[in-house]
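Structure first, commentary second.
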Amino acid sequence: MKLAGVLVPALLFIPGLLLAQEPRVELVPYVGYNTSGSLSTAVGRIDLENNLIFGGQLGFKVGTGRLAFINYSYWPTTLKVTDRLPIAPDTTLGDLDQHNIMFGGEQDLKQSNVRPYASGALGLVIFDSKVRGAQGSSTRFSANFAFGIKAMSASQRVGLRIQGKVAFNSVSGSGSFWCGTYGCGGAVTTSGVVQFEPSAGLVLAF
């Protein structure tokens with residue numbers, strides 16, 4: 001009976017203690033709509049059809065109003081060749097899945113329950129082609145920046161996130177290195193697609 005008299009108050013006290021602690025981890029599942037730029041080729045312009053994008057972000061608090069995060073997103077799209085001679089119709093090449101794995105940081109611009117923020121990230125984009133005769137995947141460099149707003153509950157544990165993101169996904173690149181009389185140097189060139197992604201997500205903090 002003495003043991004029960006100690007354990008019961010302790011078990012009742014633990015949930016209150018956890019709620020009193022400031023959330024340190026943030027999970028954000030989200031859905032958005034991705035619009036993409038095009039690629040110019042010798043046979044015409046290759047368009048990536050706009051479509052829904054799905055993702056999730058796991059963030060860890062590293063200071064006042066600061067998060068370090070890892071983000072994953074999945075975007076299914078279709079490739080089309082357009083902008084050719086008037087007599088040549090648009091051609092659907094096939095499906096393409098785009099996976100982004102990003103590492104970045106986020107900074108609140110105001111401390112309140114409704115707060116704007118800015119973020120930036122670097123990482124990898126994986127293009128998984130389903131085009132007939134060109135199946136396979138390739139991994140390239142990716143970068144993005146975003147602005148958004150979070151509306152949090154009074155407990156700071158549940159909220160809504162609205163965000164607009166601009167991303168650059170590299171498609172091809174080349175590099176060179178040389179040495180001369182006055183020293184050595186190098187250069188890297190890359191081409192890719194710019195994409196814009198508005199999204200909405202649920203914020204779960206704990």
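Find the relative contact order for the stretch 22-205 and round it to a whole percent, using C-alpha pairs within less than 8 Å whose residues are 6+ positions apart.
20 percent
Excluding same-chain residues fewer than 8 positions from K61, which aspartates and glutamates have a Cα within less than 12 Å of its Cα?
K61 reaches E22, E26, E106, D108.
How large is ³J(HN,Hα), in whole Hz, for each residue of the stretch 150-161 in order, when computed from phi with the Karplus curve 6.51 cos²θ - 1.76 cosθ + 1.60 and θ = phi - 60°, using x for Gly and Pro?
Karplus values, whole Hz, x for Gly and Pro: 10, 10, 9, 6, 4, 7, 6, 10, 9, x, 10, 10.
Rounded to the nearest 0.05, what FRET efficiency do L122 and A154 have when you use their Cβ-Cβ distance and R0 = 25 Å?
About 0.10, to the nearest 0.05.
Convert each backbone phi in the stretch 69-74 into a coupling constant with the Karplus relation 6.51 cos²θ - 1.76 cosθ + 1.60 (shift: θ = phi - 60°), then list the ³J(HN,Hα) values in order as whole Hz, x for Gly and Pro.
Here the 3J(HN,Hα) series is 9, 10, 10, 10, 9, 10 Hz.
Would you pull out the residues with amide H under 5 Å of Y33's amide H, same chain only if 5 or more places away, H placed 1.01 Å from N?
Here I53 satisfy the definition.
Please turn the phi angles of the stretch 134-146 into ³J(HN,Hα) values with the Karplus equation 6.51 cos²θ - 1.76 cosθ + 1.60 (θ = phi - 60°), one per residue in order, whole Hz, x for glycine and proline.
Each residue's phi maps through the Karplus curve to give 9, 5, x, 10, 9, 10, 9, 7, 9, 8, 7, 9, 8 Hz.
Coordinate-derived values only; no laboratory data. This one's a predicted model, so the numbers in the text were calculated from it and none came from an experiment. Glycine gets a Cβ as well: all are built from the backbone with ideal geometry, and neighbour counts include every protein chain shown.
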